[in-house]
Amino acid sequence: MTIEKEFFRQVMGQFATGVTVVATATGARLSGLTVNSFTSVSLNPPLVLVCIDLTSQTLPFLRASGHFAVSFLTNEQESLSRCFATTSAEHYDRFCHAPYHIAATGSPILDGALAFVDARIVAEYPGGDHAIFMGQVEAMGSNGKVQFLNPVAKERSTLTEWSEEDQGSSQEPQPDKWPLAYYLGQYRHLARDYKRPSLAAYYDEDFD
Ligand SMILES: Cc1cc2nc3c(=O)[nH]c(=O)nc-3n(C[C@H](O)[C@H](O)[C@H](O)COP(=O)(O)O)c2cc1C
């Protein structure tokens, strides 16, 4: 009896996710990779986690810097996602030509992203062939709104520009920005004409 790798992938592929780029900076060097194993962990304190393959070239840079930023990609950033998932010079030497701003920790967040989370690594756990990084959120933003854990964090970042570029202060989703989704090993775009179904329709019954 065993769990086959391919079957593991097949089953996990049924779980639809968003797509992010997890990136860090060590000195002048920027590194990042496409990640969908990103999870919100705790509200108080604010914690998130990402799982990084032990063979990842970004892994040593994450360990060295002690921080990372997670950019949630929009459906217009699929090509960036593809680039950050390749072993190319574009990826390793030119940060996929992605425009970015520096977040509170010093990590880069991608311009045009749907939202970002900027975190300081507070723990690393073994996760089989992956390393699990727990990050405490120092800054996060979406929809033109940015919040910082403390004033020092705010001083260090260039996020003001990021928020000015991504105008709009309402709590409503940005109509021109939609998440990039990943499902069954393929990129997907969400349907914009979602209508909430009734329970009656689900059971094909009349509930009155
Ligand atoms: C949609 C998608 C999600 C991915 N999620 C992860 C992930 O959660 N963790 C990971 O280590 N690699 C993940 N990868 C694979 C890496 O992005 C890919 O192996 C990349 O080339 C690693 O770059 P690096 O070696 O420079 O770190 C994902 C790839 C794709 C396309």
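The values are calculated or read from the model by the stated rules, or taken from the named source; none is laboratory data. Quick caveat: nothing in here was measured; it's all calculated off a predicted structure. Cβ coordinates were reconstructed from backbone atoms using ideal geometry, including for glycine residues, and neighbour counts include every protein chain displayed.
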task: Would you point out the residue of the range 188-200, among those that are of a type in the set (A, V, I, L, M, F, W, C) and surrounded by 10 or more Cβ atoms within 10 Å (Cβ to Cβ), that is modelled with the highest pLDDT?
output: 190
- request: Scan (1) under 15 Å from the mean Cα position of the chain (by Cα); (2) of a type in the set (A, V, I, L, M, F, W, C); (3) over 18 Å from residue 81 (Cβ atoms) for the single condition residue 114 breaks and write down its number.
  value: (3)
- request: Quickly run through the range 33-65 and pick out the residues that are more than 13 Å from the ligand (Cβ to nearest atom), free of Cβ contacts under 8 Å to residues at least 12 places away in the same chain and outside any strand (DSSP E or B).
  value: 43, 44
statement: residue 4 fails exactly one of (1) within 16 Å of the chain's Cα centre (by Cα); (2) of a type outside the set (A, V, I, L, M); (3) away from the ligand (no atom under 11 Å from the Cβ), namely (1)
- request: Scan the range 84-135 residue by residue and report those that are of a type in the set (D, E, K, R) and more than 14 Å from the ligand (Cβ to nearest atom).
  value: 111, 118, 120
- request: Note down all Cβ pairs under 8 Å where the first residue falls in the range 117-128 and is assigned to a strand (DSSP E or B), the second is among the acidic types (Asp, Glu), and they're at least six residues apart or on different chains.
  value: 118/138; 119/138; 120/138
statement: Selection over the range 8-32 where residues are β-branched (Val, Ile, Thr), surrounded by fewer than 23 Cβ atoms within 10 Å (Cβ to Cβ) and within 11 Å of the ligand (Cβ to nearest atom) yields a count of 1
- prompt: Taking the condition among the small types (Gly, Ala, Ser), modelled with pLDDT of 95 or more, within 11 Å of the ligand (Cβ to nearest atom) and crowded, with 18+ Cβ neighbours inside 10 Å, does residue 139 pass?
  reply: no
